[in-house]
Amino acid sequence: MESLDLKTNSKKIELKRDGVVTGVISFDPSDVVFAEKFYNLIAEFQAKSKEYEPRASKLESNTEKDKNNLPVNFGERLALLREVCEYIRNRIDHLFGIGTSQAAFGDV
């Protein structure tokens, strides 16, 4: 039987937290699908940044403090931060595969 052996340019990157390997990202930078996803992700991040920056600035402009000396809108600030983190984790998993963000960041 004849076979076709295709050589890939696959790259592997170890993911570590506190010096412990938690996973490996494997991708082929010459793969057109990967390149398109990566290129699109850059554009998505730029668009999201334009969306998030005014929201963050508005929240940060309120310097009023509560009785614990925390910003009165601390809950809203945390909610925005969570939204940004969840978005980034989702897009990383879309690019490198489900579970990549968990391996990289754990439950943080």
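The values are calculated or read from the model by the stated rules, or taken from the named source; none is laboratory data. What you see is a predicted model; the values in this text were computed from it and never measured. Methodologically, a virtual Cβ is constructed for each residue, glycine included, from the backbone with ideal geometry; neighbour enumeration extends over all protein chains shown. The accessibility values were calculated without ligands, DNA or RNA, using every heavy atom of the protein model including side chains. Shrake-Rupley method; radii C 1.70, N 1.55, O 1.52, S 1.80 Å.
Summary of values
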| read-out | value |
| --- | --- |
| Members of region 17-76 found to be aromatic (Phe, Trp, Tyr) and outside any helix (DSSP H, G or I), listed by number | Phe27 |
| Among the residues listed as Phe38, Phe45, Phe27, Phe74, the single one being at pLDDT below 95 and either of a type in the set (Phe, Trp, Tyr) or touching a Lys or Arg at 6+ places or on another chain (Cβ under 7 Å) (or both) | Phe27 |
| Candidates Pro54, Pro29, Pro71 - the one that is open to solvent by less than 80 Å² (accessible area, probe 1.4 Å), touching a helix residue (DSSP H, G or I) at 6+ places or on another chain (Cβ under 8 Å) and farther than 29 Å from Ala103 by Cβ | Pro71 |
| Hey, Glu60 loosely packed, with under 11 Cβ neighbours inside 10 Å and of a type in the set (Asp, Glu) or not | no |
